[in-house]
1. Give the residue that is farthest from the chain's Cα centre (by Cα), with candidates limited to residues of segment 161-170 that are in a loop (DSSP other than H, G, I, E, B) and in contact (Cβ under 8 Å) with a residue 24 or more places away in the chain.
2. Go through segment 147-167 and give me each residue that's surrounded by fewer than 22 Cβ atoms within 10 Å (Cβ to Cβ) and within 17 Å of residue 113 (Cα to Cα).
3. Working only within segment 123-160, note down all residues that are modelled with pLDDT under 95 and not in a loop (DSSP other than H, G, I, E, B).
4. If you go through segment 128-152, how many residues are over 17 Å from residue 57 (Cα atoms) and in contact with a strand residue (DSSP E or B) (Cβ under 6 Å, 6 or more places away or on another chain)?
């Protein structure tokens, strides 16, 4: 049974990988077309699981200074088109291919070194997306390693956040 599930999962992953890449287009209003062409190495569901520290979000030093990252060091971003403190994300459809949400590992998101207020909003598929100071948090599919900040400033609507949860526009 496991072998059948593994083969089915691989087939599904191959099918889906042809449909999504960091350069995929979407309506300009949702930020879907990042204008960035990178290898299609989207963060997996695994990337949203906290590291041994147990934190969903923490702080790491990058070329932009100290920014908010996930428990494995992958940079997290906010989207100007979201409404701070709102209960839904403005990133939908093709946008989510390039900007996957950070999903909370448990009932309450946990932080290490982050001073802003953590919360969650419900995604369209019923998962809980982590928010910081009311801003939903996202990965950038073009970031392939911890500390990458390739999503900073994409389309002048995607930004890293400071440990206090403030937008760091450059």
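The values are calculated or read from the model by the stated rules, or taken from the named source; none is laboratory data. All figures in this text were calculated on a predicted structure; none of them were measured in a lab. In this analysis, Cβ positions are derived from the backbone assuming ideal geometry, glycine residues included, and neighbour counts consider all displayed protein chains.
1. Going through segment 161-170, the residues in a loop (DSSP other than H, G, I, E, B) turn out to be 162-166, 169-170.
Checking which are in contact (Cβ under 8 Å) with a residue 24 or more places away in the chain leaves us with 162-166, 170.
Working: 162: 15, 163: 16, 164: 18, 165: 15, 166: 16, 170: 19 Å.
So the residue we want is 170.
2. If the condition is that a residue be surrounded by fewer than 22 Cβ atoms within 10 Å (Cβ to Cβ) and within 17 Å of residue 113 (Cα to Cα), then 147, 162, 163, 164, 166, 167 are the ones that fit.
3. If the condition is that a residue be modelled with pLDDT under 95 and not in a loop (DSSP other than H, G, I, E, B), then no residue fits.
4. Here is the first cut: in segment 128-152, the ones over 17 Å from residue 57 (Cα atoms) are 141-142, 144, 150-152.
When the remaining residues are screened for being in contact with a strand residue (DSSP E or B) (Cβ under 6 Å, 6 or more places away or on another chain), the result is 151-152.
Number satisfying all stated conditions: 2.
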